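The structure appears right after this line, and notes come after that.
Every number in this text was worked out from the coordinates using simple rules, so none of it is lab data. Predicted model only: the values in this text are computed from it and were never measured. Cβ coordinates were reconstructed from backbone atoms using ideal geometry, including for glycine residues, and neighbour counts include every protein chain displayed.
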Amino acid sequence: MDNKTIWMTLEKIKDLPTLPSVYFKLNQLLKDNQASIEKVAHIIELDPAMSSRILHLVNSAFYGVRQESSSIAHAVMILGFNAVKNAVVSVAILDTFTFKDRYENFDITEFWRHAVSVAVLSKQLAERSRLVTPEDAFIAGLLHDIGKIIMLKYFKEDFGKVWKTMQKTKCSFADAEQEVASMDHVQVGAYLARKWQLPEPIIQAIAGHHYYLSSSESTGMIESLMLADALANSKYQINPDDYVFESHIEKTLKPLMLKSDSWISQAMIEIDLANEFFLEGK
Ligand SMILES: [Fe+2]
Ligand SMILES: [Fe+2]
């Protein structure tokens, strides 16, 4: 299926997961440049379950903020608008995808563990390279393979064909999709991210994380995501020379990969803390 056909097919699904209204309200407020600490806190506080999850997150060991936040307003003040909005997205993603559809030995907990690892690794790469906003890189990582879950729930036949091919030939999910499925998880994931009004670089990173297209306008989001995904899939053993990116990106990311020993152990600790928070009860 081409992109348009897939989009039309997805458009027809009535119960496709969505983010809570608190996220869309925040998004609008920030877009209109009308935000103040009080207004942002007020919107979040309208959703008590979300408020308590956000407080739990910002006070968690994963966030590592020394000052304890006892109110949402305080959390907004410490973290800033964008980081709080992204905290809402992260919490909402994990809370939204609660369905436990199964397929043979596909392990949903393992799926989320991978997503969280890639999220932390792309955030670390963003922090160290200063190419993109770390919080956006985190969301891109958390969502990069979300299309797989949508396929599993709504397009089980396609998912099944891909899964069987993967098991039989030991190829990657993406390669199996090319061979036997009528859609792929990057198209589906990018559709969802667009529907959720996530920033364009996040949508582009999800759409391209298996198919790198060199562009002088590249921000580094997609490259950070690809490296993070490769690191997570290879137990942190990758050959930096296997990755050829746009030169303005490569000159920043390559040195980081060449001295990955200096930061991977810190990232691994953060991955454990993030898993502890996000996968609680999964
Ligand atoms: Fe993927
Ligand atoms: Fe992945």
Computed [θ] at 222 nm, deg cm²/dmol, the chain (DSSP H ≥ 4; -39,500 (n - 2.57); rounded to nearest 500): -21000 deg cm²/dmol
Local electrostatic count at Val84 - Lys and Arg +1, Asp and Glu -1, tallied over other residues with Cβ under 14 Å: -1
Kirkwood-Stokes translational diffusion coefficient of segment 14-96, alpha-carbon pairs, 4 °C, 1.567 mPa s, µm²/s: 101
Mean Cα-pair separation over length for segment 14-96, i.e. relative contact order, pairs under 8 Å, 6 or more apart, %: 38
The chain, dipole about Cα centre (Lys/Arg Cβ +1, Asp/Glu Cβ -1), debye to the nearest 20: 320
Label point distance in nm, Lys31-Glu11, each placed 7 Å from Cα along Cα→Cβ: 1.9
Label point distance in nm, Ile269-Thr18, each placed 7 Å from Cα along Cα→Cβ: 4.2
Percentage relative contact order, the chain, counting C-alpha pairs under 8 Å, at least six apart: 20
Reach of Lys12 by Cα under 26 Å, taken over lysines that are not fewer than 8 positions away in the same chain: Lys4, Lys25, Lys100, Lys148, Lys153, Lys156, Lys161, Lys195
Per-selection Rg to Rh, the chain - Cα, Kirkwood hydrodynamic radius: 0.95
Geometric extent, Cα atoms of segment 19-168 - Rg, Dmax (angstrom): 17.4, 56
Those lysines that a straight Cα-Cα span of less than 30 Å connects to Lys251, excepting residues fewer than 8 apart in one chain: Lys123, Lys235, Lys259
